[in-house]
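Just below is one structure, and these are the notes that go with it.
The values are calculated or read from the model by the stated rules, or taken from the named source; none is laboratory data. Just so we're clear, the structure is a prediction, and the values are computed from it rather than from any experiment. Note that each Cβ is placed from the backbone with ideal geometry, even for glycine, and that neighbours are counted across all protein chains shown.
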Amino acid sequence: MQLQTALFFESAQEIFARIFQEYRPRTPLAGVNLVFKRYANANSAIAWRDSRLDVKLSDLWQGAPAPVVEALAHILIAKMFRKEAPASASSTYRRWLNRQDVRRSMQLVKQVRGRKYVSGPEGKTWNLETVFEELNLKYFDGLMARPDLGWSRRPSRTTLGHYDPSHHAIILSSLMDDPAVDRRVVEYVLYHEMLHLKHPVDHRGARRRVHTRPFRDEEKLFEGLDEAKEILKKLCASAHAHYWRS
C-alpha cells in the first residue's frame, strides 16, 4: 500500500475515512468520530465500534498538514488491523515529530500538562545530590547545573535511569538504592544521564539519535566503565531471577 498525497481541503475525518476504506474496502463505514484531546504528549488512540471509527488525537495534531494526518491515519489503522503501515507513512510521521517547532510545542505541553513524580535525591542508601556533585566536579569541572534528582517509585531493572528534559529531572531506578549495590553502579548510571543533559537528542529528518558520537566518546571517560557495566548486568540478572522466584 502506497502513501498518497492528501488533498488540502480534506478534513481529518475525511482522511481517516478514506484510509480506512483502503484497508477495508468491503467494510461499510457509518462514520468517523474524531476528537482532539488535551493530552500531555502526542498520544493518539483508535477503536472500531458499531461500524464507526472512534479516533482520539492530541490537540498537538490540530493544524498539522494533511499529508502528516494521512500518515498518522495509516499508522493507527494499520496497527488496529495488525498490518504494517507503509514505510513512507512512518517516515513522514517521524519527520513531522522531529521538526524543531513541533518538538518545542510537545515539550511545552508536557511541561505544563504533565505530572512528574520526583522523590528527591535522598534515598534509603544513596544521596543522589552528593553523587551528582562529585561527578560534576570530576568530569564536568563543576559547571553542570543540577537538575531535579530522584528515585523511581518501583525498582525497575529495564529502565535504570532517564533524563526528562521537559521537567529537567534525572530519575534513577530504586533498584540501585540498596546497601548491597556497588556505588560505582549508581555513579555510572547517573553519569550516563548527566551526559544526556549535556548532549541532547539529535533530530535530523526522520532520524533520532539518542547516543551521538560525542556522547559515546565522553561516556568512555568514566573510570571503571567496563567493571560498572558488568556489575550492572549481574544486578539486573539477579533482580530478574528474584522476580521469577517471587
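Only helices (runs of 4 or more DSSP H) whose full extent lies in segment 80-179 are considered here, and the ones with at least 3 residues that are in the same structural domain as ASN41 (by TED's automatic domain parsing) and buried (at least 19 other Cβ atoms within 10 Å of the Cβ) are 87-97. Given the structure, is ALA73 out of contact with any Lys or Arg (no Cβ under 6 Å at 6 or more places or on another chain), farther than 19 Å from ALA40 by Cβ, part of a loop (DSSP other than H, G, I, E, B) and among the hydrophobic types (A, V, I, L, M, F, W, C)? No; evaluated as a whole, the condition is false for this residue. Test ALA78 against the criterion of being touching a His at 6+ places or on another chain (Cβ under 6 Å), over 25 Å from ILE171 (Cα atoms) and at pLDDT 90 or above, and give yes or no. No: the conditions fail for ALA78. In segment 26-50, of all residues being farther than 22 Å from GLN107 by Cα and basic (Lys, Arg), the one that is surrounded by the most Cβ atoms within 10 Å (Cβ to Cβ) corresponds to ARG49.
Out of all the residues in segment 230-246, which are modelled with pLDDT of 65 or more and surrounded by 14 or more Cβ atoms within 10 Å (Cβ to Cβ)?
At the first step, the residues of segment 230-246 found to be modelled with pLDDT of 65 or more are 230-238.
Across segment 230-246, the qualifying residues are ILE231, LEU232, LEU235, CYS236.
For GLU193, the stated conditions hold: it is of a type in the set (D, E, K, R), modelled with pLDDT of 90 or more, touching a strand residue (DSSP E or B) at 6+ places or on another chain (Cβ under 9 Å) and outside any loop (DSSP other than H, G, I, E, B).
LEU57 - would you say it is touching a strand residue (DSSP E or B) at 6+ places or on another chain (Cβ under 8 Å), hydrophobic (A, V, I, L, M, F, W, C), modelled with pLDDT of 90 or more and farther than 22 Å from LEU108 by Cα? So LEU57 fails the test.
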